[in-house]
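Reviewing the structure listed below.
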Amino acid sequence: QVQLVESGGGLVQPGGSLRLSCAASGSIFSFNVMGWYRQAPGKQRELVAVIASAGSTNYADSVKGRFTISRDGAKNTVYLQMNSLEPQDTAVYYCNLLDRRSAYWGQGTQVTVSS
């Protein structure tokens, strides 16, 4: 079993920055993909960014050039640096870990972009 604990959400003004963190614990396979998804009110959950254990990344078109995903393998932690935030980035952000057994989710952290 894998547990994911997110931190770093909050309220920020348009144009501001936030950094999300997600620490994984438990039985973690060395090969996995970690990432961030988000869900705004009334919308489906969508991919934001993912990073494989080997380092390859994938981003949603809407965040390319503004968000950066990274990971610390030794700490089993993934980060999402969010810059130039826009009101449409407002959502609950969920951490995800995918390995050959299953997909695991964190509890979510709220990000609100508003003046």
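Observations, loosely collected:
- Once the Cα gyration tensor of the chain is diagonalised, semi-axes √(5λ) in Å: 24, 14, 12
- Per atom type, the stretch 19-84 shows carbon and sulfur on 48% of its accessible surface, probed at 1.4 Å.
- Of the trypsin sites (Lys or Arg not before Pro) in the stretch 13-44, those whose Cβ has at most 13 other Cβ within 10 Å and which sit in DSSP loop: Lys43
- ³J(HN,Hα), Karplus 6.51/-1.76/1.60, whole Hz, each residue of the stretch 104-114, x for Gly, Pro: 10, 10, x, 7, x, 9, 7, 10, 10, 10, 7
- In order along the stretch 48-57, the phi-based Karplus estimate (6.51 cos²θ - 1.76 cosθ + 1.60, θ = phi - 60°) of 3J(HN,Hα) comes to 9, 6, 9, 9, 7, 4, 7, x, 5, 10 Hz; Gly and Pro are listed as x.
- Pairwise Cα distances in the stretch 40-102 exceed 20 Å for 30 percent of all pairs.
- On a per residue basis, the stretch 23-106 carries 52 Å² of accessible surface, using protein heavy atoms and a 1.4 Å probe.
- Value of Rg/Rh across the stretch 22-68 [Cα atoms, Kirkwood radius]: 1.03
The values are calculated or read from the model by the stated rules, or taken from the named source; none is laboratory data. This one's a predicted model, so the numbers in the text were calculated from it and none came from an experiment. Cβ sites come from the backbone with ideal geometry, for glycine too, and all protein chains shown count toward neighbours. Calculation scope for accessible area: heavy atoms of the full protein, side chains included, ligands and nucleic acids excluded. Shrake-Rupley method; radii C 1.70, N 1.55, O 1.52, S 1.80 Å.
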